[in-house]
Amino acid sequence: MSEQGNNAWNAQPTLRGEHVALEPLTRDHADGLRAALAGGELARIWFTNVPAPDGVDAYIESALAMQAKGVAWAFAVLDADGEVVGSTRYYDMDASVPRVQIGYTFYAQRVQRTGLNTQAKLLLLSHAFEQLGCISVGFETSWFNLASRAAIARLGAKQEGIIRNHRRHADGSARDTVAFSIIDGEWRAVKRNLEYKLQQHGAGQDG
């Protein structure tokens, strides 16, 4: 790994673009996340692990605990006006490969499948490949989460396989995990495609 990559693993960044900012998640973001999750519709989708509004504090504590172990960086996602609209994170971080996974992502309904999401992924992937020096970035989702599987594929990630009974859904049922990845040799084309999507759609609908 490059010296730049070694140094970059020591401090969680704030990532900024025209449509979105990703800043390290703290307890101060709790009220904003509760507002983004108002109504609890996302939490009622049984095959996701999105917290209900009253579960936000526990969700943040869990994220901070993972971060303290050095295996995750959680972010609050803010729109162009500085309003908290969701959260995402790097997890299963392994500087010895180096490799990260991107996940634990949820957004307020009004910004789903918009340029904000495209730019957030572009920022995360750019930092992973260009600053952390990753040779691979992974994504995982439930077999039943067809929307998430399609969204990951639209990024340019390739499906690697299905891991049977890999984790648990929030309701306790066994989860078959669909695993995707982008490797370093693919990053140039993936980056160009994401930049093209932003140029075509801006902050509007992400095709």
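Among residues of the range 163-182 that are on the phi > 0 side of the Ramachandran plot, those with a beta-carbon under 7 Å from a residue that is assigned to a strand (DSSP E or B) at least six positions away or on a different chain give the pairs N165/A174; N165/D176. Return yes or no: is A11 not in a helix (DSSP H, G or I) and not aromatic (F, W, Y)? Yes: the conditions hold for A11.
All conditions but one from (1) among the hydrophobic types (A, V, I, L, M, F, W, C); (2) at pLDDT 95 or above; (3) in a helix (DSSP H, G or I) apply to A43; the one that does not is (2). Considering every residue within the range 93-102, establish whether at least one is farther than 19 Å from K158 by Cα and either in contact (Cβ under 8 Å) with a residue 40 or more places away in the chain or buried (at least 18 other Cβ atoms within 10 Å of the Cβ) (or both). Looking through the range 93-102, at least one residue is farther than 19 Å from K158 by Cα and either in contact (Cβ under 8 Å) with a residue 40 or more places away in the chain or buried (at least 18 other Cβ atoms within 10 Å of the Cβ) (or both).
Among the candidates A157, A147, A120, which residue alone is at pLDDT 95 or above and under 17 Å from L42 (Cβ atoms)? Being at pLDDT 95 or above and under 17 Å from L42 (Cβ atoms) holds for just one of A157, A147, A120, which is A120.
There is no residue in the range 28-50 that is crowded, with 17+ Cβ neighbours inside 10 Å, hydrophobic (A, V, I, L, M, F, W, C), under 14 Å from the mean Cα position of the chain (by Cα) and farther than 27 Å from L146 by Cα. Does A108 qualify as being among the aliphatic types (A, V, I, L, M) and at pLDDT 95 or above? Here the answer is no, as A108 does not meet what is asked. When R149 is tested against (1) part of a helix (DSSP H, G or I); (2) without any contact (Cβ under 8 Å) to a residue 40 or more places away in the chain; (3) buried (at least 20 other Cβ atoms within 10 Å of the Cβ); (4) not small (G, A, S), just one condition goes unmet, and that condition is (3).
The values are calculated or read from the model by the stated rules, or taken from the named source; none is laboratory data. On a predicted model such as this, the values are computed, not experimentally measured, just so you know. Note: ideal-geometry Cβ built from the backbone for every residue, glycine included; neighbour counts use all protein chains shown.
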